[in-house]
1. If a/c stays under 1.5 just call it rounded; otherwise compare a/b with b/c (prolate if a/b is bigger, oblate if not). Do that for the range 330-416, with a ≥ b ≥ c from the square roots of the Cα gyration tensor eigenvalues.
2. What is the spread of the Cα atoms of the chain along each of their three principal axes, largest first, in whole Å?
3. Find which of Leu199, His154, Ala168 sits farthest along the positive direction of the dipole of the chain, computed with +1 on the beta-carbon of Lys and Arg, -1 on that of Asp and Glu, about the Cα centre.
4. For the range 249-360, taking Cα atoms only, what is the radius of gyration to one decimal and the Dmax to the nearest whole Å?
5. Based on DSSP, what percent of beta bridges with both residues in the chain are antiparallel, to the nearest 5?
6. Report relative contact order for the chain in percent, whole number only (criteria: Cα-Cα under 8 Å, sequence separation at least 6).
7. Measure nothing fancy, just the Cα-based angle from helix 107-118's long axis to the longest principal axis of the chain, in degrees from 0 to 90, nearest 10.
8. In degrees between 0 and 90, to the nearest 10, how far off the longest principal axis of the chain does helix 61-71 point, with axes built from Cα atoms?
Amino acid sequence: MTRQASHQGLTWFQDARFGMFIHWGLYSIIAKQEWVMHTDRIPVPEYEKLVPQFNPTRFDADAWVRTAAEAGQKYIIVTSRHHDGFSMYDTALSDYKVTNTPFRRDPLRELAEACVRHGIKLGFYVSLLDWHYPAYRFRAESGLAWDDYLGFLHGQVRELCTQYGEVAAVWFDGDWPRSALDPDRAYFLPGGSFEYEKLYAMIHELQPDAVIENNRHAEPIPGEDLQGFEQDLPGENTTGFNETTIYGLPIQVCMTINDHWGWSKDDRNTKSVRRLVHLLAKSASVGGNLLLNVGPTPEGEIPALHQDRLRAVGRWLAQNGDAIYYTRAGVIPPTRECVSTRRNDHHFVHVLDYVSDCVVLAAVPDNVRHARLVASGRALEVDRAGSNFFVSADQDRTTIYVPPDLRDAYDTVIELF
Ligand code: GLC
């Protein structure tokens, strides 16, 4: 039986609640997101012409990790190899890799070192499919065996789990039924199995604390630690990507800061700080982490605007982090204005909107007596008797008065205890 990540690893991961996802690769040069090889039907020899162009002279691993730390993010998950098949680290298993560009350096090694310096943990995105590797993409024509590709995939995961220090997460992507999408068969999965049991067992042996997520949008299989939601909050399913069932595993919600994962220069739809804080609070309220993506430029920088938004979230967290880190799903039912998180007997009500001067909640646990603002510690009046003018007879109502001048622009957090 494939086991899960260690209890310690999974607990750490859940307590962390907020991470940075990073999509960076050859595709960043074209600046039309990470699927451009597919969407623009770029043949392999053409796409390979990007290799001598990759030279991100402004890349500074320390600056990326510092931005994550300032945002209040506790881990980063970075693309080691995306669907285009280009390895963003110094793999021994392929020449199609970042150290064979004019840049020559191994950014994942530099990120691993910066993470240690900043107390941030490191995880890797790994694509299961590969639009470049002959035994995957051109298996029929090349006569190569599926085992050739499997050896490469498992071998790369072994490298990532042995050469970069502690790994907090391995995030797989690209195992979805897609033959229908693929008139030219470029993405056709040629009948092989990824041998997950073996793959996951290897990760758990080499990195017992690493959590595993597989972005298959289906029921998690043994060995996976998290259920992922992509561009969606559990229960909302606005994109149609996700399973609507919630399987009871810890959750991780991944989201783009604008509308794309890889750098897309025309994408100006950057989410507001308010939206980002709400996504974080809503994810935490259902027991989920938020893995918020940035797509660095081909010069090697996280766009300044995205850095600013992240730092603003970090400032909110510096005051209100008690209501996010180390919390679990809330037990106080959400309302139109509020969601809640919880740490033991402390309940954190996130007020995301105001329709009146009071916050009115139902089903607040009986032992709650006090209310205070997390940011300032200021005590608030709490009425548990349901005697509020607006909700008179209903005994199950808890009413809290929040003076208008004490409200937070994004999310006012009230601690009930
Ligand atoms: C989607 C995209 C993929 C991206 C992933 C991140 O599956 O197709 O390119 O890496 O989301 O969640």
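Each reported figure results from applying straightforward, stated rules to the coordinates on display, with no laboratory input. Owing to the predicted nature of the structure, the values given are computational and were not obtained by experimental measurement. Glycine gets a Cβ as well: all are built from the backbone with ideal geometry, and neighbour counts include every protein chain shown.
1. Details: a/c = 1.43, a/b = 1.15, b/c = 1.25.
In terms of gyration-tensor shape, rounded.
2. 77, 45, 39
3. Result: Ala168, furthest along the dipole toward the positive end.
4. When restricted to Cα atoms, the range 249-360 yields Rg and Dmax of 15.5, 50 Å.
5. On the way: 27 of 62 bridges.
Here the share of antiparallel DSSP bridges comes out near 45 percent.
6. Working: 889 pairs, mean separation 72.2, N = 417.
Computed over the chain, the figure is 17 percent.
7. For 107-118 against the chain, the angle is about 30 degrees.
8. Helix 61-71 sits at roughly 20 degrees to that axis.
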